[in-house]
Each structure stands twice: as structure tokens, then as C-alpha cells.
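Every read-out reported here was derived from the displayed coordinates using simple, explicitly stated rules and does not represent laboratory data. Computed from a predicted structure; not experimentally measured. FYI the Cβ positions are ideal-geometry reconstructions off the backbone, even for glycines, and counts take in every protein chain you see.
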Amino acid sequence: EAQVTQNPRYLITVTGKKLTVTCSQNMNHEYMSWYRQDPGLGLRQIYYSMNVEVTDKGDVPEGYKVSRKEKRNFPLILESPSPNQTSLYFCASRLGNTIYFGEGSWLTVV
Amino acid sequence: GEDVEQSLFLSVREGDSSVINCTYTDSSSTYLYWYKQEPGAGLQLLTYIFSNMDMKQDQRLTVLLNKKDKHLSLRIADTQTGDSAIYFCAEIDSWGKLQFGAGTQVVVTP
């Protein structure tokens, strides 16, 4: 079954404690991206990757890092989380016009 | 960046038709999408339309695209309580980036 898997799905953490949200896809897609969803703002792209070892900033990259060492994985790293990064995060992979989203990761930074 | 705009709220009576509107600015958009998000859930792709089409119908859903005005709409016939959700319009722009609107909260009343 084609899927995008994110972990963790729910996390409450403290300011400054590094965390990583993993994302894995089983469809051999080259394009992957991360979004955050906030009320009244829709989904905004954080980072995207066109292929292995190729990453680029989206609209709201500040405070985030990503890596793409292999095609299936695209982790989102928060080196020093702050409360304004409390949000719902979605990972996605794409082939042509077909886009697959993960189920979302609810992150709360206190 | 390019903008996708939607009204934030729509209230509709059960059994009536709902029309959710969206405008976008990137004239080179290739595909336009409608996603549905129920409370606490992820994103469900409802339908999409290629930019050279004017209309697409899928059961209770009708998508209309006016390329000249860069206007996209989603009509839901015979709206049911299960249609209460946030609906996102999105486009793939000329860079292959998926741009979302802020979402329209649809509330279906008995």
C-alpha cells in the first residue's frame, strides 16, 4: 500500500530540546516536502527536496532543518524548538500531479 | 510568492448545495486541487482538475475552473452533516510547488 508515514504523531516538548520528526515514503518518489498548518493560514511549505541530497527552503524555513540522505526518508529537525513552532506538521511526497500526505504530527512546544 | 485565497467560513443547511470559492494568482498553474480535512484528521484529496479543463464532476462534487479570472470553485450537492470540515484549495505552481489557501470552514446545520 502506498503511504507516507510520519512519527511521532503527537508530541509535547520543552523549549530548546532538539527533536526530529521522521517521514518515510514507500513509493520511490523523488519529490518530498514538509508543511506546517496553522489556523487561518492554511498549509505553508517549510522545506522541500527534489531528490537525494537536494533540499531547498520553502516559505517558512526559519528554525527548521532537513536532510535527504536516501530517497525514502525526509526528516524534519527542530534544533531548538520554540513555542511559535507549535503546529500541525505534514510530510508529503509527489510524483507528477499525484501527491500523498502523511497523517500529520501534532507538535506542542511549551 | 503566489497567493491562493479562500473565504474562511461557510454555513449551509443540510440538503442544500454548498459552493466554496478560491482564487489564485499563478497563471501557469498546472493542477488545482480540493482537499478536505475533518476535525483532528489529516488531508483527504477530494478531487483535482487539470488547468486545461473547465469543469469536472465526480458524484456530488463539481469543480469549475475559470482560467481567465483565475477562479476555482467546488460545489457539493445535497450537503450532508458529514461534509462539515475545512476545505483547502491548492495549486501546483510553475516551480512544482503546492500552494494552499487558508481553508474554508464549512458548517452544515440541520
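A few comments on the model shown:
- Per-residue shielding of B:92-98, expressed as the average number of other chain Cβ atoms within 10 Å of the residue Cβ, stands at 5.
- The range B:89-97 - phi-based ³J(HN,Hα) in whole Hz, Karplus 6.51/-1.76/1.60, Gly and Pro as x: 8, 8, 9, 9, 7, 5, 8, x, 8
- FRET efficiency, 1/(1 + (r/R0)^6) with R0 35 Å, evaluated for B:THR109 and A:ASN97 via beta carbons: 0.50
- Label-point separation, B:SER28 to A:GLU70 (7 Å along Cα→Cβ), nm: 3.5
- Restricting the calculation to Cα atoms, every distinct pair contributes to the Kirkwood radius of the range A:54-97, found to be 12.2 Å.
- For the protein assembly as shown, pairs of C-alpha atoms spaced more than 21 angstrom apart make up 55 percent of the total.
- Cβ-Cβ distance of A:GLU53 and B:LYS56, R₀ of 35 Å, FRET efficiency by 1/(1 + (r/R0)^6): the value works out to about 0.40.
- Short-range pairs are left out: with C-alpha atoms under 8 Å and at least six residues apart, the relative contact order of chain A is 36 percent.
- Quotient of C-alpha Rg and 2.2 N^0.38 Å, computed over the range A:9-58: 1.36
- Mean silhouette area of chain A, derived from the convex hull of its C-alpha atoms and averaged over all directions, reads 6.4 nm².
- B:THR81-B:ASP16 pseudo-label distance in nm [points 7 Å out on the Cα-to-Cβ vector]: 1.8
- Student exercise, the range A:15-60 dipole from Lys, Arg, Asp, Glu Cβ charges, in Debye to nearest 20: 280
- The range A:10-15 - phi-based ³J(HN,Hα) in whole Hz, Karplus 6.51/-1.76/1.60, Gly and Pro as x: 9, 8, 10, 9, 9, 3
- Scoring A:6-14, A:31-39 by mean Cβ neighbours within 10 Å over their residues and listing the highest first yields A:31-39, A:6-14.
- The fewest-to-most ranking of A:ARG44, B:ARG60 by surrounding Cβ atoms within 10 Å reads B:ARG60, A:ARG44.
- Pairs beyond 27 Å (Cα-Cα), from A:LYS65/B:LYS97; A:LYS17/B:LYS97; A:LYS69/B:LYS70; A:LYS57/B:LYS68; A:LYS65/B:LYS68; B:LYS70/B:LYS97: A:LYS17/B:LYS97; A:LYS69/B:LYS70; A:LYS57/B:LYS68; A:LYS65/B:LYS68
- Label-point gap, in nm, between A:GLU79 and A:LYS18 - each point 7 angstrom along Cα→Cβ: 0.9
- Database remark: amide H of B:SER7 closer than 5 angstrom to the amide H of B:ASN21 (H placed geometrically; neighbours at sequence offset of 5 or more, or on other chains; Pro and chain starts carry no H).
- Solvent-free Debye scattering, log10 I(q)/I(0), computed from the Cα coordinates of the range B:24-83 at q = 0.14 Å⁻¹: -0.43
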